[in-house]
């Protein structure tokens, strides 16, 4: 399976299970691996034959910033569901969500979820 990778997409979101986390948006870093057939695009050199990753990043940034979450696990699942629903050529997606300020004595906490179209939209 061919893939497109997007690394460290920065999105601000209300996320956290503790009341003090829910007062202002926090930074999240999103890593995406998009499983898609890129054969046509690699031959034609046409944007219409692939997934426009600029548009995809704008789409997911808007969706995340307009929603609040308690868990980064939910954020990762939400991203996977939104992308599989919105992009019919996407066959699988892996979303990793990193919360840099989750724990005071750790650099970050990260959750990774992988979904295939057959698992979600069979």
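Each reported figure results from applying straightforward, stated rules to the coordinates on display, with no laboratory input. Since we're looking at a predicted model, the values are computed, not measured. Backbone-built Cβ (ideal geometry, glycine too); neighbour counts: all protein chains shown.
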Problem set entry | Label point distance in nm, residue 86-residue 48, each placed 7 Å from Cα along Cα→Cβ | 2.2
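For segment 52-122, what relative contact order do you get, as a whole percent, if you take Cα pairs closer than 8 Å and at least 6 residues apart? Each step should come with its number before you reach the end.
Working: 78 pairs, mean separation 19.5, N = 71.
Reported as a whole number, the value is 27 percent.
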Seminar exercise, completed: To the nearest 10 degrees, the tilt of helix 53-65 (Cα long axis) against the first principal axis of the alpha carbons of the chain is 30
For this session: Can you work out the PRE-style zone for residue 31? Point 7 Å along Cα to Cβ, and I want the residues of segment 82-122 with backbone N under 16 Å.
Result: 93-101, 107-115
Exercise. Once Rh is set to the Kirkwood radius over Cα pairs, what Stokes-Einstein translational diffusion coefficient, in µm²/s, holds for segment 3-120 at a temperature of 4 °C and a viscosity of 1.567 mPa s?
Worked result: 87
Problem set entry | Difference of contour (0.36 nm per residue) and Cα-Cα distance, residue 111 to residue 65 | 14.7 nm
